[in-house]
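The values are calculated or read from the model by the stated rules, or taken from the named source; none is laboratory data. Since this is a predicted model, take the numbers as computed values, not measurements. Please note: Cβ atoms are built from the backbone with ideal geometry, for glycine as well, and neighbour counts cover all protein chains shown.
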C-alpha cells in the first residue's frame, strides 16, 4: 500500500470526482447541501495537495538524488563536479558480471572501484549522451538506519570517444541499483552503484 505522502494521486482524483458529483447533484436537485459537500471535498483536496507539496519524504529525497545525479552525468564533463557532489567520499562502483552492454563495459572497465572526483573527471568526458532517461524507480529509505536503496531502469543513447563507437541500451532498458546514505538531515548521497543485467520485464 502506498502512503498518501508518497503518491496522493488516487486520493486526489477521488476527491475531485466526489466534488464534481456533488456539483452535478446540486444542478439536478437544486439543494444547497450539495454545494456545501462539494466545497468540503474541494477544501480537503486543496489541503491534501498543499500538504503533499510541503511534506517531502525520505523516499522522495532518495529519488531526487538519483534523478539529479543522472542529469549531471548526462552533461558529461560539464557535470563532473555536480555529479561528484551527489556521491559520498567512500562511494564504490561495483563491477557487473554482465559486460555485454556498452554502458556496463564503461562502468566495469573504467570506473569500477572507489569513485573519487578525479576518476569522474577522467571518465565522464569519454561519453556523450544524446539522452539518458530513468524509468521504473523504486526507492526505499530507512528513517532510523539512515540507509536507502534505489532500483531503476536506464534508457540511454550516446557516443564513446572512440571513432564510430555508439551505444544504446536495449529497448527494455538496463537495470541499476544504488545504495544511499543520509549524510545530514534530509540530505542523501549515493554510497554504492551497481550496474545490473538487462531488464526482462
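Taking the criterion of being touching a helix residue (DSSP H, G or I) at 6+ places or on another chain (Cβ under 8 Å) and modelled with pLDDT of 80 or more, the residues of region 1-19 that qualify are 16, 18, 19. Checked against (1) part of a helix (DSSP H, G or I); (2) modelled with pLDDT under 80, residue 56 passes all but condition (1). Residue 89 passes all but one of (1) assigned to a helix (DSSP H, G or I); (2) over 19 Å from the mean Cα position of the chain (by Cα); (3) modelled with pLDDT of 85 or more; which number fails? Just one mismatch for residue 89, condition (1).
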